[in-house]
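Trainee: Below: one structure in structure tokens.
The values are calculated or read from the model by the stated rules, or taken from the named source; none is laboratory data. Remember, it's a predicted structure, so these values are computed and weren't measured experimentally. All Cβ positions, even for glycine, are placed from backbone atoms using ideal geometry, and neighbour counts span all protein chains on display.
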Amino acid sequence: MGSNETDLGSRKHLFIDLSLADHTSNVALGVNPPRLGGVAIGRDRAWEHHIHFQNTVLDDNGLGRCWYLASIIRQGLESARFGYAESEDGRHWRKPNLGLLELNGRRDMNLIPPKPKRSNVFIDPTAPPAERYKTFGLSLEGDPGGDGYGVFASPDGYVFRELGCNGLRLAGDTQNMAFWDDRIGRYVAYIRGFSHHPDGRRRRAVARWETDDLTSRDGWDLSNEESDRHVINQLPIVIACDDDDPPDMDIYTPSVVKYPAADDVYLATMSMYHHFTPDEMDDTVPPRNDGLMDIQLAVSRDGISWDRPDRRPYVGIDAEGPGQRMCYAVQGILVRGDTVLQYHTAYDQSHGHKRQNNPGGVIRWTEQRLDSFVSANFAYTGGELVTRPITFDGSKLILNVDASASGEGRVEIQDAHGRPIPGRTLADCDRILGNFLRHPVTWGGDSNLGVPPGTPIRLRFTLRSARLFALQFTEASV
């Protein structure tokens, strides 16, 4: 393979960016919001006065598992405990009676013993069975600035024991999260940070930490730990608001996942906090900390360099009235067949009113088309995208593409220098009409690419009124 060629092999390539393109005309990236579904986990137990937003969903060998923070009111005081729910289809969830905690003389509850505050749960494929499930977040006493970031482990996801804590007295706040990144073979954590802006204010942002040991201090710059307990310079800030965002907006939670259906796609469903001005707030909420939240989507190939290709809401708030005025993205994702399920905690209150411990909060699910978070959108009048030289494995080209009824498209195979391959030109290509998750491109009814695997080629897409989500080279029939 030449130095200027990209080897796709038989890997799926999602168009979350235009990194594969050498030339485009009348093509723009667009984010595709999911369909809003129903309530996955509601407040239907006596101990669920309030459902908070430090929640995790993960896929455990086909079983969807959710750990969520619920508030309990006892003697007029609110305390938080972690609830547990599970589901096969990701839409209908049950709360098993675990019998692990006693509350008001009863044990028939779905509550689990404490784990680190403001943390997520992840499966560590490198750990021994007794430590298969791990959490990372502020330690049990570190809320905020207590004993630092702690790691707990469990063999079953129900009862966690502490493995260690790095002792950093930093106010990481919400929502800290970590996971094992199999692409790089290391743990990666995303932590609440703060970024400086020219107006002198700090805004919430997302810091990233990469390590072999989540209980260590490796990789932290602690030169200013004592002077400032917020995470500002100790770790690199990888996602932050910029000049294209309103000056009174920041990133509340990142909710990063490595997309399980592709090798090089990271997704962050970020809760964007748009603050009220003093004139827009009432006297019943804390000063300077009220506003609304919706969710934007950020995408990355490596989990370090992030882009928001379209800053319109990925999940927005409902129209005025009962519904959702704030959306906190839940960390995690479930793939069920050709559907991707994502989750968020929804409130019909603003941030300041939620902080008054009023009853509220449900976890809702959304449905996304497989691999279709972002697309290369071709203009109604027609557009073109020509790739850089690529190599591949397989004999067929499969597209995830939506031309609906008004659009159409064709694909040409070119050599590395841009010369059409005879028999695989635009004129030879059978027109793409309709909406397909797996469409084999054909030329005169033949899906064979006409060149052997490993040959450097370019792909020339000419489509109109169409969205191109993903491509993949394969030998498999569809």
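Trainee: Are any residues in region 52-72 assigned to a strand (DSSP E or B), in contact (Cβ under 8 Å) with a residue 60 or more places away in the chain and not aromatic (Phe, Trp, Tyr), and if so, which ones?
Mentor: The initial filter retains those residues of region 52-72 that are assigned to a strand (DSSP E or B), namely 56-60, 63-72.
Checking the rest, the ones that are also in contact (Cβ under 8 Å) with a residue 60 or more places away in the chain come to 56-60, 64-68, 71.
Those that are assigned to a strand (DSSP E or B), in contact (Cβ under 8 Å) with a residue 60 or more places away in the chain and not aromatic (Phe, Trp, Tyr): THR56, VAL57, LEU58, ASP59, ASP60, GLY64, ARG65, CYS66, SER71.
Trainee: Filter region 1-26 for residues that are surrounded by 20 or more Cβ atoms within 10 Å (Cβ to Cβ) and aliphatic (A, V, I, L, M) and give the result.
Mentor: LEU14, ILE16
Here's the yes/no breakdown for (1) small (Gly, Ala, Ser); (2) out of contact with any Phe, Trp or Tyr (no Cβ under 6 Å at 6 or more places or on another chain); (3) surrounded by fewer than 17 Cβ atoms within 10 Å (Cβ to Cβ); (4) on the phi < 0 side of the Ramachandran plot:
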position: ILE239; (1), (2), (3), (4): no, no, no, yes
position: PRO246; (1), (2), (3), (4): no, yes, yes, yes
position: ILE251; (1), (2), (3), (4): no, yes, no, yes
position: PRO254; (1), (2), (3), (4): no, no, no, yes
position: ASP263; (1), (2), (3), (4): no, yes, yes, yes
position: SER271; (1), (2), (3), (4): yes, no, no, yes
position: PHE276; (1), (2), (3), (4): no, yes, no, yes
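Trainee: I would also like to ask the following. Sort out which residues of region 83-109 are more than 15 Å from ALA46 (Cα to Cα) and part of a strand (DSSP E or B), and write them in order of number.
Mentor: Hits for region 83-109 are ALA85, GLU86, SER87, ARG94.
Trainee: I need the full set of residues from region 278-309 which are in a loop (DSSP other than H, G, I, E, B), over 13 Å from the mean Cα position of the chain (by Cα) and either surrounded by 15 or more Cβ atoms within 10 Å (Cβ to Cβ) or assigned by TED's automatic domain parsing to the domain that holds HIS13 (or both), in order please.
Mentor: Listed by number, the residues that qualify are MET281, VAL285, ASP290, PRO309.
Trainee: So in region 435-451, with the set limited to residues that are in contact with an Asp or Glu (Cβ under 8 Å, 6 or more places away or on another chain) and not hydrophobic (A, V, I, L, M, F, W, C), which one is nearest to THR339 (Cα to Cα)?
Mentor: ASN435
Trainee: A further question follows. Any residue at all in region 228-240 that is assigned to a strand (DSSP E or B), touching a residue at least 12 places away in the same chain (Cβ under 8 Å) and within 20 Å of ARG312 (Cβ to Cβ)? First the steps, then the outcome.
Mentor: From region 228-240, those assigned to a strand (DSSP E or B) are 237-239; that's our starting set.
Keeping just the survivors that are touching a residue at least 12 places away in the same chain (Cβ under 8 Å) gives 237-239.
Okay, now just the ones that are also within 20 Å of ARG312 (Cβ to Cβ), so 239.
So far as region 228-240 goes, yes, one or more of its residues are assigned to a strand (DSSP E or B), touching a residue at least 12 places away in the same chain (Cβ under 8 Å) and within 20 Å of ARG312 (Cβ to Cβ).
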